[in-house]
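First the structure, in the form of structure tokens, and then the observations on it.
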Amino acid sequence: MPPLSDVIVVAALIGMLVVAFGHPRGRVEAAVGVVCAGVTVATGLLSLHDARVALDQLAPVVAFLVTILVVADVCARAGLFVAAAERVGRWSGGSAAWLFTGVFVLAAVVTATLSLDATVVLLTPVVLAAAAARSVPDEPGTFACLRMANSASLLLPVSNLTNLLALPHVDLTFTGFAARTAPVLVVVLLVEYVGLRLLFRDRLPRSRAAVVTRPVPVPAFPVVVVVLMLAGFAAVSPFGGEPWWVSLVAALVLAVWGHRRGLARPIHLVHAMHPGFAIWVLALGIVVAGLAQGFLGDAVRDLAPTSTGLPALIGTAVLATVLANVLTNLSATLLLVPIIAPLGTTAVLAALIGLNIGSGLTWTGSLANLLWRRTLRRHATASGSVPASAAFHRVSLTLTPVSVLAAVVVLWAVS
């Protein structure tokens, strides 16, 4: 039986995850996180020094999180997502299948550049509206958003917090990371696209609907800022620069621009930062650091592969997938990546395949899954847009194992 201190820390983690899934007010989220972090330190599993080390490691990631959320929020307020979806709709020519294809690509681009949260929270409602305007089923497009939020987040270090947490453990620059993951992502996108087309073939009518919409202008300034931000990530990486340095500049520029245009007041920007969630993430780092010192850390070390051959890489991805769906991918990353890191970059990337793509297996694998469901509930139409768990798992259990396996094979082949 695990010592009492381990049991207490596991209970603290469960409490934090329950709160995250419930998504209460930010102050509640933050308060629970602080209490659970304090309890973890009080057990003695983690010293104050180790807690500070955990916070120091997480601080740059959280700084990126709050700044990129501001960037995405101002882009949404400026109408960037609406304009992009309108152009996808026009390109589709009224075809449900082509609309799905456009949404699939758009969701992948948004995830890679503005992170998965932007896809599930900001793009999904726009996709719902686009489907309703064309009288076509919304399920294919909304599921494309969900699948891309997890699967397309493998490309860039900034596409997912898991990547940022793993970045110090790989010997890669920003562009080097993208170069290693790009071939993997191409195959994953192919698997996901073909799989979704087959699963929703009955929901993609062949007939074209005549749709007339008013052109929506693309806000040029936010597009330029986002492009420059991505270039900035690549530029500072070889010199040891942190991504949050660049996203902070982009957030400040867009915040000033949005305020001057009456798009966002300071209170809107504060809400966009989700400060309660940021504190929760910092607290989570302390709790998981405590777990790593206890029996769970020992168990993961015993199960972790010790080589980088194809069977071992598959084992790493499977272990990461299981941990992600039990602990959520953010907790699993904090626990698993430091254990896998001594095996080298390829092993860490295999873990990220499980932590990113594999987290789409169940509702609890990624907070993005639950945010997507909550977004659909908030914007549900009269015809109904919220999938049942059976529908969700029909897609996830069909596509996720294939995508994970295909990704690992390609990673092994190009390494």
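The values are calculated or read from the model by the stated rules, or taken from the named source; none is laboratory data. Everything numeric here is computed off the predicted structure, so don't read it as measured data. In this analysis, Cβ positions are derived from the backbone assuming ideal geometry, glycine residues included, and neighbour counts consider all displayed protein chains.
Is there a residue in region 172-195 that is out of contact with any Lys or Arg (no Cβ under 9 Å at 6 or more places or on another chain), acidic (Asp, Glu) and at negative phi?
Checked against the condition, which is being out of contact with any Lys or Arg (no Cβ under 9 Å at 6 or more places or on another chain), acidic (Asp, Glu) and at negative phi, region 172-195 yields no hits at all.
With respect to ALA320, determine if the residue is crowded, with 24+ Cβ neighbours inside 10 Å and in contact (Cβ under 8 Å) with a residue 40 or more places away in the chain. Please lay out each step first, then the result.
Values: crowded, with 24+ Cβ neighbours inside 10 Å: yes; in contact (Cβ under 8 Å) with a residue 40 or more places away in the chain: no.
Considered against the rule, which asks whether it is crowded, with 24+ Cβ neighbours inside 10 Å and in contact (Cβ under 8 Å) with a residue 40 or more places away in the chain, ALA320 comes out as no.
Output the residue which, of all residues in region 335-364 that are closer than 22 Å to PHE143 by Cβ and of a type in the set (A, V, I, L, M, F, W, C), is surrounded by the fewest Cβ atoms within 10 Å (Cβ to Cβ).
Taking region 335-364 and keeping what is closer than 22 Å to PHE143 by Cβ, we get 353-364.
From the residues that got through so far, the ones that are of a type in the set (A, V, I, L, M, F, W, C) too are 353, 355, 357, 361, 363.
Numbers: ILE353: 29, LEU355: 32, ILE357: 36, LEU361: 23, TRP363: 16.
Checked region 335-364; the qualifying residue surrounded by the fewest Cβ atoms within 10 Å (Cβ to Cβ) is TRP363.
Within region 49-60, track down each residue that is under 17 Å from LEU291 (Cβ atoms) and among the aliphatic types (A, V, I, L, M).
Quick first cut of region 49-60, residues under 17 Å from LEU291 (Cβ atoms) only: 50-51, 53-55, 57-58.
Those that are under 17 Å from LEU291 (Cβ atoms) and among the aliphatic types (A, V, I, L, M): ALA51, VAL53, ALA54, LEU55, LEU58.
Could you say which residue among PRO137, PRO205, PRO238, PRO183 is surrounded by fewer than 15 Cβ atoms within 10 Å (Cβ to Cβ), touching a Pro at 6+ places or on another chain (Cβ under 9 Å) and in contact (Cβ under 8 Å) with a residue 60 or more places away in the chain?
Numbers: PRO137 fails: surrounded by fewer than 15 Cβ atoms within 10 Å (Cβ to Cβ); PRO238 fails: touching a Pro at 6+ places or on another chain (Cβ under 9 Å); PRO183 fails: touching a Pro at 6+ places or on another chain (Cβ under 9 Å).
Result: PRO205 is the single residue among PRO137, PRO205, PRO238, PRO183 that is surrounded by fewer than 15 Cβ atoms within 10 Å (Cβ to Cβ), touching a Pro at 6+ places or on another chain (Cβ under 9 Å) and in contact (Cβ under 8 Å) with a residue 60 or more places away in the chain.
For every residue, the table says whether it meets (1) in contact (Cβ under 8 Å) with a residue 12 or more places away in the chain; (2) over 19 Å from the mean Cα position of the chain (by Cα); (3) on the phi < 0 side of the Ramachandran plot.
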position: VAL7; (1), (2), (3): no, yes, yes
position: ALA20; (1), (2), (3): yes, no, yes
position: GLY38; (1), (2), (3): no, yes, yes
position: THR43; (1), (2), (3): yes, yes, yes
position: LEU46; (1), (2), (3): yes, yes, yes
position: HIS49; (1), (2), (3): no, yes, yes
position: VAL62; (1), (2), (3): yes, no, yes
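Which of the residues belonging to region 258-308 are among the hydroxyl-bearing types (Ser, Thr, Tyr) and surrounded by fewer than 16 Cβ atoms within 10 Å (Cβ to Cβ)? So that I can check it myself, show each step before the final result.
Quick first cut of region 258-308, residues among the hydroxyl-bearing types (Ser, Thr, Tyr) only: 306-308.
Selection gives THR306, SER307.
Please find, among VAL288, VAL256, the residue that is within 30 Å of PRO3 (Cβ to Cβ), out of contact with any Cys (no Cβ under 6 Å at 6 or more places or on another chain) and part of a helix (DSSP H, G or I). Explain how you work it out, then say what you get.
On the way: VAL256 fails: within 30 Å of PRO3 (Cβ to Cβ).
After ruling out the rest, the residue left standing is VAL288.
Can you confirm whether ALA332 is touching a helix residue (DSSP H, G or I) at 6+ places or on another chain (Cβ under 6 Å), at pLDDT below 95, closer than 30 Å to VAL7 by Cα and crowded, with 21+ Cβ neighbours inside 10 Å? Steps first, please.
Numbers: touching a helix residue (DSSP H, G or I) at 6+ places or on another chain (Cβ under 6 Å): yes; at pLDDT below 95: yes; closer than 30 Å to VAL7 by Cα: yes; crowded, with 21+ Cβ neighbours inside 10 Å: yes.
Yes.
Being without any contact (Cβ under 8 Å) to a residue 60 or more places away in the chain and within 21 Å of LEU367 (Cα to Cα) is the filter here, so list the residues in region 140-180 that pass it.
GLY141, ALA144, MET148, ALA152, LEU155, SER159, LEU167
Just checking, which of GLY315, GLY309, GLY258 is modelled with pLDDT of 90 or more, within 24 Å of LEU116 (Cβ to Cβ) and of a type outside the set (Asp, Glu)? Outline the logic, then answer.
Values: GLY315 fails: within 24 Å of LEU116 (Cβ to Cβ); GLY309 fails: within 24 Å of LEU116 (Cβ to Cβ).
Step by step, each of GLY315, GLY309, GLY258 is checked, and only GLY258 is modelled with pLDDT of 90 or more, within 24 Å of LEU116 (Cβ to Cβ) and of a type outside the set (Asp, Glu).
Name the pairs whose Cβ atoms lie under 9 Å apart, with the first residue in region 328-340 and touching a residue at least 24 places away in the same chain (Cβ under 8 Å), the second charged (D, E, K, R), and 6 or more positions between them or separate chains?
Sorted first by the residue in region 328-340, then by its partner, the pairs are ILE339/ARG301.
Restrict the check to region 357-375 and report whether at least one residue is modelled with pLDDT of 90 or more, part of a loop (DSSP other than H, G, I, E, B) and of a type outside the set (Ser, Thr, Tyr).
Scanning region 357-375 turns up at least one residue that is modelled with pLDDT of 90 or more, part of a loop (DSSP other than H, G, I, E, B) and of a type outside the set (Ser, Thr, Tyr).
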